[in-house]
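This report concerns only the one structure given below.
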Amino acid sequence: MSQKKNKTYPIEFKKEAVRLALESGKPKTVIAKELGVGVSLLYAWINQQAARETMSKDQKQTEAQKIKDLEAENKKLKSENALLKKAAAYFAKNQM
C-alpha cells in the first residue's frame with residue numbers, strides 16, 4: 001500500500017486560490033480543478049481566511065476600545081493633576 005503524502009502549498013498560492021474562489025464567479029469545483037487541489041481543501045482555505053479576518057476585526061475593535069479607555073483615563077488623570085497643582089499652590093501660599 002502506498003500512502004498519499006500531504007502536499008503543502010505556499011501561503012501566496014492559498015491566498016490567490018481563495019481570491020479566485022470568491023471573486024471569479026466560477027464554481028469552486030472548477031477553481032479547485034484548475035488549481036489541482038481538492039474542493040474540500042479549497043473550502044478549508046476559504047474558512048481559514050474568514051476566521052483570520054474575523055479575528056483581525058475583533059482585535060481592531062478591542063484595540064480601539066483600549067485606546068478609548070486610555071484616552072478617558074488620561075483626561076481624568078490630567079484633571080486630577082491640575083487639581084493637585086492648585087491645591088499644592090494654595091497650601092504653599094498659606095504656609096508663608
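Data overview
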{"item": "Filter pass, Ala17 being more than 19 Å from the chain's Cα centre (by Cα) and part of a helix (DSSP H, G or I)", "result": "yes"}
{"item": "Filtered residue count, region 17-27, keeping only those that are acidic (Asp, Glu) and surrounded by 13 or more Cβ atoms within 10 Å (Cβ to Cβ)", "result": "0"}
{"item": "Breaking point among (1) modelled with pLDDT under 95; (2) aliphatic (A, V, I, L, M); (3) surrounded by 10 or more Cβ atoms within 10 Å (Cβ to Cβ); (4) not in a helix (DSSP H, G or I), for Met55", "result": "(4)"}
{"item": "Tally, over region 26-44, of residues that are closer than 19 Å to Ile11 by Cβ and part of a loop (DSSP other than H, G, I, E, B)", "result": "3"}
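The values are calculated or read from the model by the stated rules, or taken from the named source; none is laboratory data. The structure presented is a predicted model; accordingly, all values stated were derived computationally and were not measured. Cβ sites come from the backbone with ideal geometry, for glycine too, and all protein chains shown count toward neighbours.
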